[in-house]
Structure formats: structure tokens, C-alpha cells
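Undergrad: Dropping the structure in here first, questions after.
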Amino acid sequence: IGIGPGSAELLTYRAGGLIHTADVILAPRSRISTSSLALDTVKPFLRDDHDIIEHVYAMNRDQSETVASWKEAAQKVINRIESGKSVAQIKLGDPLIYSTSHYLLQELFGALAPEHIHVVPGISAYQAAGACFGESLAIQEDRVTLMTATDMDEVENALDNCETHVLYKAGRSL
């Protein structure tokens, strides 16, 4: 479930309802954080009897460590589902844009029937940023490019091909 850019007020009605009614909440947390920002964001929708799994995940470029971490999370989800529970994984932003949810979804689609897996979109960071400034991201035939800023030469090459660039993972590059 995409929960948007970090404000409970920006969750969709569907996201809030599914979080509230789920039996289990899977909340990702990075190793360097003491709490899950995603979990903090959805507190208004949580019940006292929720089974909360805070999954500490690898957030680095070691693909084998990342995959192993999400295999572990997937097994926890599968175990809960097989015991008859509903599970909601919450994810800041949208679960399909530069998201660690990809790794969990890969594992779940390999283990569960597709009709048991649902993806709920969320407001993306770039949409929230545009809204903060009241700035249109594209009008008429404008093109929008989403890309990482990990290779600034590629970013420079893209500048001639698009009116709006949304750069993710830009912290170390800019």
C-alpha cells in the first residue's frame, strides 16, 4: 500500500481502510533509523490489536543482501497469510516507483496466487513536491522523465529530451 510522502492526510481512502482492516502490518525500516516513518505515518489508522512487523531492510547496492532481506520478509507474510490473516505492507510514496516493494512483490508472486496480491498506489514524492509549490509538472504535450540522479552524465544527456525531469536518489549527487 502506497501511503504517500509521509502525511496521514495524503493517504487515499482505500489505503486507510485497508490498513485499518488488515490483521498484520508490514512496515519497512532502514537500519539507520530507530523507527519506521511509514508506520509513524499510518498511526491514525492502526488498531491496538494489529500484528506489527517492522522489517529492517538492507538499503545498499548489495543485491544479494537486499534479496535475502526481502525473502525473509516475504516468508513472514506468507506464514501469516497461510494462517488466515490479511497482511498490508505499507510503503512511503508509491509501491511501484523506485520502491523496495518490488523485491517483496517478486517473492509473493512466486509463492501466492495473483488474486491474493493487490497493489494500492500512493502519492509520489514528486507529486507532493509539485503540489507544495503549486507548480505544474507537465502541460499539453510536455514530457516528464523519472530517473535516478546517480549518474549525472545521464541526467545531462536527458535534459535535451524532456521538459520536466524528476530526479530520485539525488542526495549524494547534487
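The values are calculated or read from the model by the stated rules, or taken from the named source; none is laboratory data. Just so you know, these numbers come straight off a predicted model, no measurement behind them. Cβ coordinates were reconstructed from backbone atoms using ideal geometry, including for glycine residues, and neighbour counts include every protein chain displayed. Accessible surface areas use protein heavy atoms only, side chains included; no ligands, DNA or RNA. Shrake-Rupley method; radii C 1.70, N 1.55, O 1.52, S 1.80 Å.
Undergrad: Given axes a ≥ b ≥ c from the Cα gyration tensor, I'd like to know whether the stretch 63-174 is rounded (a/c under 1.5), prolate (a/b larger than b/c) or oblate.
TA: Prolate, because a/c is 1.5 or more and a/b exceeds b/c.
Undergrad: Right, next: So for the stretch 36-78, taking the charge dipole from beta-carbon charges (+1 Lys/Arg, -1 Asp/Glu), which of 42, 74, 55 sits furthest toward the positive end?
TA: Checking the options against the dipole of the stretch 36-78, the answer is 74.
Undergrad: May I ask you to give the percent of accessible area on the chain that is carbon plus sulfur, with a probe radius of 1.4 Å? Can you show the working numbers first?
TA: Numbers: 5350 of 10430 Å².
The computed percentage sits at 51.
Undergrad: Need one value: the accessible area of residue 33 in square angstrom, 1.4 angstrom probe, rounded to the nearest 10.
TA: My reading of the accessible area for residue 33 is about 40 Å².
Undergrad: Taking only Cα atoms and a 10 Å spring cutoff, compute GNM fluctuations for the chain and point out the largest among 129, 88, 74.
TA: Highest fluctuation of the listed residues: 129.
Undergrad: Additional query: Show which aspartates and glutamates lie in cross-link reach of residue 71 when reach means a straight Cα distance below 18 angstrom and same-chain residues fewer than eight apart are skipped.
TA: 54, 62, 82, 107
Undergrad: Would you mind telling me which residue in 143, 80, 47 has the biggest mean-square fluctuation in a Gaussian network model of the chain, where springs connect alpha carbons within a distance under 10 angstrom?
TA: Looking only at 143, 80, 47, the biggest GNM fluctuation is shown by 143.
Undergrad: Among 125, 99, 136, which residue has its Cα positioned farthest towards the positive end of the charge dipole of the stretch 52-149, with +1 placed on the Cβ of Lys and Arg, -1 on the Cβ of Asp and Glu, and the dipole taken about the Cα centre?
TA: 99
Undergrad: If you rank 45, 109 by how much accessible surface each has, with a 1.4 Å probe, what is the order from largest down?
TA: Details: 45 55, 109 105 Å².
Descending accessible area places them as 109, 45.
Undergrad: Gaussian network model of the chain, Cα springs within a sub-10 Å range: biggest mean-square fluctuation belongs to which of 92, 137, 105?
TA: 137
Undergrad: Now for a different question. Assigning unit charges at the beta carbon (Lys, Arg +1; Asp, Glu -1) and nothing else, what dipole magnitude in debye, to the nearest 20, does the stretch 62-153 show about its Cα centre? Don't jump to the answer; show the numbers that get you there.
TA: Numbers: 6 positive and 12 negative charges, 106 e Å.
The dipole magnitude comes to about 500 debye.
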